[in-house]
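Novice: Here it is: the structure, laid out below.
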Amino acid sequence: MEAGSTYRAVQAVSRGRLELTEKTLQAPEPGKVRIRVEACGVCHSDSGTVEALFPIDWPRVPGHELVGRIDALGSGVQGWVVGQRLGVGFLGGSCGSCEFCREGDLVTCRNQEYTGIHHDGGYAEVMIAKASGLMSIPDSLSSVDAAPLLCAGLTTFSALRNAPAKAGDLVAVLGIGGLGHLGVQYARHMGSRSRRLRVARTRRNWRRSSAPTTTSTTRLPALQELGGAKVILITASGGKTVAETFKGLRPGGVSIVLGVGPDPATGDETLRFSALSGVSAMIETVPLEQATDAYAKMMAGKARFRMVLTMN
């Protein structure tokens, strides 16, 4: 693709409104790469862009679970080559020079930009990204399978990887949706005894998939009969729900509410572990031109666990 040609994108043009458009191709600036997008997940966090929950300059292309191949390199980019497959998540890339970066705390970089918020994201055939925010994709993972792992997978994997549970400990997962069904798989492959946790205000019906889980659904009081959970991973949170989970913990156990925390976001490790263990998301693929319908379906709670946009 040559600079000046056009590509398709779905962009938010006002609060709650997405539209399909054509954008002009730009050359990547120094320190950035241009990506030909192959797949992009539709994540609930995209509502931060579409519903203007974050300060947004219209128009803005959402999407922060994207996988594609490098189409062009900006000057100064090292370690990446044209044609290489990669992923971009919510964190758009650290600056490498602020005091947090110098201390190794890249997540809280003062100049960190968020994909699909500060700059255009992956609901498009082409995207430009900072080289410092790129993640390598294992060859054994397809682009469609890898896309949801860049947010939903990264979030659950990082939480469990940094949790105090050891092999054989009981780990319960509350909320078996887009995050939770991945959390159950990660817990099992890390050696934990995992349980899908059911409380009064549970999510919609569980749909069985090919995901390699052999867990059972357990109510909170029953966890104590099993000795109590060392960790309860909460993916569907609310003040009352979080408080209730303490009843299922063993002494010294912890409840983890997924969100932004101080621990490093382990994107490359998430992808490698997923490829080695076979952890995968339930996915429904949708062509880019139907992104508006896919987003609406996801927001209405009518989607399968993870929806992924594909490009022609």
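The values are calculated or read from the model by the stated rules, or taken from the named source; none is laboratory data. All figures in this text were calculated on a predicted structure; none of them were measured in a lab. Reconstructed Cβ throughout: ideal geometry from the backbone, glycine too, with neighbour counts over all protein chains shown. We work out accessible area using only protein heavy atoms, side chains counted, and drop any ligands, DNA or RNA first. Shrake-Rupley method; radii C 1.70, N 1.55, O 1.52, S 1.80 Å.
Novice: Want the number for Val242 to Ser5: 0.36 nm per residue separation, take away the alpha-carbon distance, what's left? It would help to have the intermediate numbers written out before the result.
Specialist: Values: separation 237, 0.36 × 237 = 85.32 nm, distance 5.09 nm.
Once the chain is fully extended between Val242 and Ser5, it gains 80.2 nm.
Novice: Here's a follow-up. Skipping prolines and chain starts, which residues have an amide H placed within reach, meaning under 5 Å, of the one on His119, given they are 5 or more residues away or on another chain?
Specialist: Tyr114
Novice: Work out from phi, with θ = phi - 60° and the Karplus expression 6.51 cos²θ - 1.76 cosθ + 1.60, the ³J(HN,Hα) of each residue of the stretch 71-85, listed in order in whole Hz, and give x for Gly and Pro.
Specialist: Result, rounded to whole Hz: 9, 7, 10, x, 5, x, 7, 10, x, 10, 10, 4, x, 6, 8.
Novice: Taking 0.36 nm per residue of separation and subtracting the Cα-Cα distance, what length does fully extending Ser14 through Val254 add?
Specialist: Working: separation 240, 0.36 × 240 = 86.40 nm, distance 4.11 nm.
Here the answer is 82.3 nm.
Novice: How large is ³J(HN,Hα) for each residue in the stretch 174-183, as worked out from phi by the Karplus curve 6.51 cos²θ - 1.76 cosθ + 1.60 (θ = phi - 60°), to whole Hz, x for Gly and Pro?
Specialist: For the stretch 174-183, the Karplus-derived couplings read 9, x, 9, x, x, 8, x, 5, 6, x Hz, x marking Gly and Pro.
Novice: I've got another one for you. First measure r as the distance between the Cβ atoms of Cys98 and Glu225, then evaluate 1/(1 + (r/R0)^6) with R0 = 45 Å and state the FRET efficiency to the nearest 0.05.
Specialist: Working: r = 50 Å, r/R0 = 1.11.
It comes to 0.35.
Novice: Residues with amide H under 5 Å of Arg250's amide H, sequence separation 5 or more or different chain, H placed in the peptide plane at 1.01 Å from N; which?
Specialist: Ala229, Lys230
Novice: While we're looking at this one, here's another question. Considering only protein heavy atoms, what per residue accessible area in square angstrom results for the stretch 1-141 with a 1.4 angstrom probe? Before the final figure, lay out each step's value.
Specialist: Values: 6320 Å² over 141 residues.
Counting only protein heavy atoms, the per-residue value for the stretch 1-141 is 45 Å².
Novice: Could I have the simple spin-label model distance between Trp80 and Thr21, label points 7 Å from Cα toward Cβ, reported in nm to one decimal?
Specialist: 2.4 nm
Novice: If each DSSP helix of 4+ residues adds -39,500 (n - 2.57) and the sum is divided by the residues in the chain, what number results at 222 nm, nearest 500 deg cm²/dmol?
Specialist: Numbers: 9 runs with 65 residues, N = 312.
Calculated mean residue ellipticity at 222 nm is -5500 deg cm²/dmol.
Novice: If you don't mind, there's one more thing I want to ask. Report, to the nearest whole %, how much of the accessible area of the stretch 94-133 belongs to carbon and sulfur atoms, 1.4 Å probe, protein only. Please report the intermediate quantities before stating the final value.
Specialist: Working: 830 of 1790 Å².
For the stretch 94-133, the apolar C and S fraction of the accessible surface comes to 46 percent.
Novice: Follow-up question, since we're still on this one. Classify the stretch 24-151 from the C-alpha gyration tensor, please: rounded if a/c falls under 1.5, else prolate or oblate depending on whether a/b exceeds b/c.
Specialist: Working: a/c = 1.30, a/b = 1.00, b/c = 1.30.
Because its axes are fairly even, with a/c under 1.5, the stretch 24-151 counts as rounded.
Novice: If I stretch the segment between Asp139 and Val107 completely, what's the gain in nm (0.36 nm per residue apart, minus their alpha carbon distance), one decimal?
Specialist: On the way: separation 32, 0.36 × 32 = 11.52 nm, distance 2.62 nm.
Full extension from Asp139 to Val107 adds 8.9 nm.
Novice: Ignoring the sites themselves, what is the longest stretch of the chain with no GluC sites (Glu not before Pro) in a DSSP loop and at most 11 other beta-carbon atoms within 10 Å? Let's see the in-between values first.
Specialist: Working: sites that count: Glu2, Glu103.
So the longest stretch without any such site is 104-312.
Novice: Follow-up. Among the trypsin sites (Lys or Arg not before Pro) within the stretch 66-157, which fall in a DSSP loop and have no more than 16 other Cβ atoms within 10 Å of their own Cβ? Display every interim value, and only then the final one.
Specialist: Details: sites: Arg69, Arg85, Arg102, Arg110, Lys130; in loops: Arg110.
Answer in residue order: Arg110.
Novice: If you average the sequence gap of Cα pairs under 8 Å that are 6 or more apart and divide by the length of the chain, what percent do you get for the contact order?
Specialist: Working: 708 pairs, mean separation 58.0, N = 312.
It rounds to 19 percent for the chain.
Novice: A follow-up question, please. Given H placed 1.01 Å from N in the peptide plane, which residues other than close sequence neighbours of Ile128 have an amide H under 5 Å from its amide H?
Specialist: Ile35
Novice: Here is a follow-up. Modelled label-to-label distance, Glu284 and Asn162, 7 Å Cα→beta-carbon offset: nm?
Specialist: 3.2 nm
Novice: For the stretch 155-164, what does the Karplus curve 6.51 cos²θ - 1.76 cosθ + 1.60, with θ = phi - 60°, yield as ³J(HN,Hα) per residue in whole Hz, taken in order and with x for Gly and Pro?
Specialist: Karplus-based 3J(HN,Hα) across the stretch 155-164 equals 5, 6, 4, 4, 4, 6, 5, 9, 7, x Hz.
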